[in-house]
Every structure is written in C-alpha cells, then in structure tokens.
2 protein chains.
Amino acid sequence: MQTYAHAPQLNESYVNYVWETLPRHVRPTLLLPSPTLSAQLGCEITIASETFQHTGSFKFRAAYNLLASVPQQHIVAASSGNFGQAVAYACRLLGKTCMVVMPNTSAQVKVVAVQSYGGQVDLIDVRAISRAERVQQLLKEHPDAFAAPAYDDYRVVAGNSTLGKDILSTHNFDVIVVPVGGGGLSSGLIIARDHLQASTEIVGAEPLPGNDAARSLRSGQLIRNEHEPATIADGARTLSLGQLNWEILRQGIRDIIEVPDETTVEALRRYFIYANLKVEPTGALALGAVISQPERFRDKRICCVVSGGNVDPAVYAQVLVEA
Amino acid sequence: MQTYAHAPQLNESYVNYVWETLPRHVRPTLLLPSPTLSAQLGCEITIASETFQHTGSFKFRAAYNLLASVPQQHIVAASSGNFGQAVAYACRLLGKTCMVVMPNTSAQVKVVAVQSYGGQVDLIDVRAISRAERVQQLLKEHPDAFAAPAYDDYRVVAGNSTLGKDILSTHNFDVIVVPVGGGGLSSGLIIARDHLQASTEIVGAEPLPGNDAARSLRSGQLIRNEHEPATIADGARTLSLGQLNWEILRQGIRDIIEVPDETTVEALRRYFIYANLKVEPTGALALGAVISQPERFRDKRICCVVSGGNVDPAVYAQVLVEA
C-alpha cells in the first residue's frame, strides 16, 4: 500500500484496525450474481448492493467509522442526502447530536429519513450559498461542533474500504465498476485493493453532466464544476473530487466512464426488471457504464457496485415507466 | 414430525435428504432486520426475502427439488407466473424441456421471463378453461410428459421447507407470517418448524378477496373459490389449498389473516420506502397482515416472509404513487 501526502495516517496498520473494528457495526454487502444481466451484456456480472446497508447506502460505513473516532458530541454535516442519513443514524447509535445541511432540491424521502433518525435538517438554496459555506456559518455558531467531511478524509476512505474488503475477499473479479461523486467510495475501493495486493481494476462511473473527475483524470489535475451539476444522479452532484480522493484516484483508478443520464435510467430499470433490485439513480451508474461500453467489458468478471437505494417513490415511478 | 395421510413419503428421513441435497442449488434467503418498520409497527420485524432467489421467488426451491427427482424429460406446469419461471429455469439447469400454462392476465414480465429461460408459454382464458383442465389436455397430447404440481405434492412442500430451515436455524422468532395461496409455502414452513421441533407460530396472510383458506380453517373443511379470485396478489389467485397442504395447515397453522388489497399495496410501498425492497403484491401480504393487526403482533419477534419480487414495471409504478 502506498502512502499519501494528504493523509499520512492512511497506512497499513490503520486500515487493519478499521477492518477489525468496523465490520461488527455494518452489514456485509449483498453480492448477487446476475445470470440475466450477464447474458444481456456479454460479461459475468455480480452486483454488490449497499441498498440494504444501514440507512440504505454505503455512506454508513464512512459515517460510523469517522464519528466513532472523534471526541465531539455535536456533529455538522453537508450532504445531498445519503451521508446525512448515515451521519444522523451513526450519531443516534453513538449518543451524539447532529445538524445536516441539505440542498432544498434533495429527495423528500432523504430529508424525512434524516429527521426520523433524530438529525436536524438545515435546507439551503445552493444557488445562493454553497454547502461548505453554510457549514462554516454553523461552525461559527457552534464552535464545539465537529464538521464531518463526506469524502475528503482518511477515516471516511478507510470506512468505505471495508466494502472493498467484502467484495475482494470472496470473489475474483477482473473489474470493479463504482459510482464516482466526491471520490470517497472509489478511493476506498482502491485502498482495499492495494491493501490486499490484488490486481483487480477499479473503473469509475460518473454522470456525464457532472464529469469533473473524468476531466481531471484526462488533464492530470483536479478540475472543479462551476456549479453543482444538474444530473439525475443526485448523489454525484459534487463540485469536485476531494484532495485526498484525487490523490488516490489519479494513481489507482483505471479509468472513469461518463454515463449519460438516460443510460443511468436504463440501468435503474434493468436492475428493477432483471434483478428485483430497487436502486437510486446514483446507484445505477456502474451498470450504466457497462451498458454504455459493453465491448470494453466483454467476457470479463465484473462487479457493479450499487452505492445506495434511497429514492423518492414519485421519482422512481416516473423513471420506471418513461421508456 | 407428524405423518400425513396424503403423503406418507413426507417423513423425517426425506426432509433430511432434501435439506442435505437442495441447498447447494438454491440461494439462501436474505434476512433483513428492519429497525424502521419495527418502530412503526411496535414489534421486531425481520424480513425473509426470496426476491433474490433464482427466478425471483421461493418457487425455485420447490421446482428444482421436484424436477430433479422425476425421470421425465418433458414437463408441463400450470402457473400464474412464478412457478412457471421456476420450472422453466430448473428445466434448463436439468436439461429438460417444459410447457407452462398461464392465464392471459398474467404479468407480462412473468410471461417474458418464462420464455427467456427457454420455457414454452401456453396462454389461456381462465373464464373459458381452468388451468388444471388445460394441463390435462396437454398431457393427452404429450403422454410422456410429467405434470408438475405447484403446491399439492410432498416434494414441493419439502423443497419449500428449506426456506423454513434458513429462517429457523439462524434466528429465534415468535411468529413467522407467510403468504398463503395454494398453501405450498406455508405448509413447507410448518414441516420445517416441526422437523426442528421449534415452537414458532406460523401465521398465514391471505388476500381478503380470495379468502378460501381462512374460510376453510374456520369451517374445518377445505373450501374452494368458485372462480380464480380477482386480487392484486396474483400469486394467490388459487381456487383452493391443495389436499396435502390443507392437511398440514389445519393442524399446524396458528391462524390466517385476511388482508384487503389496499393494505397489501400499503405494505408494498412500505417495503419500498423503508426497506429499499422491491416486492411483488403477493410478496407484500405478510407485512400487510402485520399492518392490519398491529396489536396482535405487538412486542413480538416477527419474521415477514416475502415470497417473491416479480412484478410489471407499469403495475409497480402505478401502485407506488396511488396513495
């Protein structure tokens, strides 16, 4: 495993520690081989679904690992939804309180879920103020609080690496395809792969309408979107990769495939029809990448990571029937 | 374990044999504790989901166990869909051929699925001819074929009992709630419970519009519907329990709760929103039973069996938004 300038703490022994301590608090990922999707796409597809993880997405891995390790009792987080739910539930389990900054365009079901876990929701207009700015405002009001980063933190990356452990320690894959937003999950998988000294390729799947990570990889430097991108994949409406995530991805990711929203929707429908799996749009990105470039994955053993399943019923119903 | 007049073969050693041989061909059920549904309903709910079983429902357990044990190469089956898919896929795995009789009102996705597994579909108008009659016609045309019963057979019941093994050997439940159509699954769970000498109550959940099993239990004798009942739970549109299933249920089932279709739909939506689980209407019956009688289940450890997940996208989308 390499060392990283942005996080010297992210070393072998810390990853070992997290792999020993975190799994008892999280659910193992659900690995589902799909003969039907495999036949359709000419490769061997196994789904790694985090839709049944606590709070319905992989984010709980990061949130619990992070918040169990900080002394502060009050937590502030910015999130398009899944990280907020994860923080709220982790706080409840750990006896902490939290406030979650969310765009007022977030899926209603995600807002209600944060509240149901006991989290306080702070809705903002992202055209008027960025989430990061609002968090700074709140920290001034609550100087004793801890601002929980959603992806740019070694404890977050190490928490997410336990998903890589689940995937890589049971199956032998040629490629793992993973949604990319801020890079927290993809960098976690790279850390897991390198920690296990495996040779599995990690390929990112990013919404084409918010392709800052793909552009960063092409240009060799971290590129930011001017505004939060308008994509149906609401979990990937990030301005850019985190600094640590970028440092890990630029060395460890094979490639990033840009997935048009209509292909993401097609993948969501295929999960529903052929795998009985309810996924949120962001969670469908990896299969969308395989659908958009089948020749690239032909005859390979592919793991498609489904990052989460939380989506408004009305949004889902609409996406399901618009063919 | 008791002995049954309708199936002397259904004894300890046969169940042992099936439990030793079948599990390597089927997927273990997915057991999902749901803190959110538990909090809502005032009991401790664990979902046992067969939606990720091969062909998307528990029926594969029965179909494989049955068809692996008969010498015939050609199989005929009558099915509202899930048993047909299961028979078709089991036949493919076993190198057999099959013809599946289905009502022309079956979910389109189920018809296509049978065909995709290599099964031949025979659509009938159930107002003109019953499924059983059509099977008899086909057997006259193909005297070398085996007619696969969907529930009234000891090999079917024993195959389904492996779901009870999955549930009962890992958790300690007060009650297992299970959808009832022909009684194949519920009788399988009773056999498993009795085989393990457990004291867990088995409670049935039947669509109110097709409540022949509940009426049978009340009257003490097997009652048949005049026509296939019109319920949204298409997997439970059976005329009556099977003879063997009735013999097992009348002695081993605690009770049968009659679930109105609107409560089944409410349960389907709750699975979607609070458990990220796509279930078919029939699969939602058990949770529907708990929703309709929460006081009865209060503070108990409940296992809600989700029998399957196969449902047309258009039907599902409609059900999801009609609140």
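For the stretch A:270-305: of the residues being at the interface with chain B (Cβ under 10 Å from one of its Cβ atoms) and of a type in the set (A, V, I, L, M, F, W, C), which is most open to solvent (accessible area, probe 1.4 Å)? Before the answer, list the steps.
Of the stretch A:270-305, the ones at the interface with chain B (Cβ under 10 Å from one of its Cβ atoms) are A:271-280, A:283.
So of that shortlist, the ones also of a type in the set (A, V, I, L, M, F, W, C) come out as A:272-273, A:275, A:277, A:279.
Numbers: A:272: 0, A:273: 55, A:275: 15, A:277: 1, A:279: 0 Å².
Going through the qualifying residues, I end up with A:273.
Of all the numbered requirements in (1) open to solvent by 20 Å² or more (accessible area, probe 1.4 Å); (2) under 18 Å from residue A:105 (Cα atoms); (3) assigned to a loop (DSSP other than H, G, I, E, B), residue A:235 misses one, and that requirement is (3).
Check whether at least one residue in the stretch B:21-29 is under 30 Å from residue B:299 (Cβ atoms), within 14 Å of another protein chain (Cβ to nearest Cβ) and either of a type in the set (D, E, K, R) or surrounded by 13 or more Cβ atoms within 10 Å (Cβ to Cβ) (or both), and report yes or no.
yes
Checked against (1) open to solvent by 10 Å² or more (accessible area, probe 1.4 Å); (2) part of a helix (DSSP H, G or I), residue A:230 passes all but condition (2). So for the stretch B:70-83 (the condition being touching a Leu at 6+ places or on another chain (Cβ under 8 Å) and polar (S, T, N, Q)), does at least one residue qualify? No: zero hits. Being in contact with a Ser or Thr (Cβ under 9 Å, 6 or more places away or on another chain) and under 29 Å from residue B:311 (Cα atoms): is that true of residue A:265 here? Against the criterion (in contact with a Ser or Thr (Cβ under 9 Å, 6 or more places away or on another chain) and under 29 Å from residue B:311 (Cα atoms)), residue A:265 does not qualify. Give the residues of the stretch B:309-320 that are within 8 Å of chain A (Cβ to nearest Cβ), of a type outside the set (Phe, Trp, Tyr) and buried (at least 16 other Cβ atoms within 10 Å of the Cβ), sorted by residue number. Across the stretch B:309-320, the qualifying residues are B:309, B:310, B:313, B:317, B:320.
Residue by residue, here is whether (1) modelled with pLDDT of 95 or more; (2) of a type in the set (A, V, I, L, M, F, W, C); (3) crowded, with 19+ Cβ neighbours inside 10 Å holds:
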residue	(1), (2), (3)
A:118	no, no, no
A:130	no, no, no
A:148	yes, yes, yes
A:157	yes, yes, yes
A:161	yes, no, yes
A:170	no, no, no
A:180	yes, yes, yes
A:183	yes, no, yes
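Against the conditions (1) more than 23 Å from the chain's Cα centre (by Cα); (2) at pLDDT 95 or above; (3) open to solvent by less than 60 Å² (accessible area, probe 1.4 Å), residue A:144 satisfies every one except (3).
Taking residue B:258, is it open to solvent by 20 Å² or more (accessible area, probe 1.4 Å), more than 11 Å from every other protein chain (Cβ to nearest Cβ) and not in a helix (DSSP H, G or I)? Explain how you work it out, then say what you get.
On the way: open to solvent by 20 Å² or more (accessible area, probe 1.4 Å): yes; more than 11 Å from every other protein chain (Cβ to nearest Cβ): yes; not in a helix (DSSP H, G or I): yes.
Yes; evaluated as a whole, the condition is true for this residue.
The values are calculated or read from the model by the stated rules, or taken from the named source; none is laboratory data. Predicted model only: the values in this text are computed from it and were never measured. Neighbour counts run over all protein chains shown; Cβ positions are idealised from the backbone, glycine included. Ligands, DNA and RNA are excluded from the accessible area calculation, which covers all protein heavy atoms including side chains. Shrake-Rupley method; radii C 1.70, N 1.55, O 1.52, S 1.80 Å.
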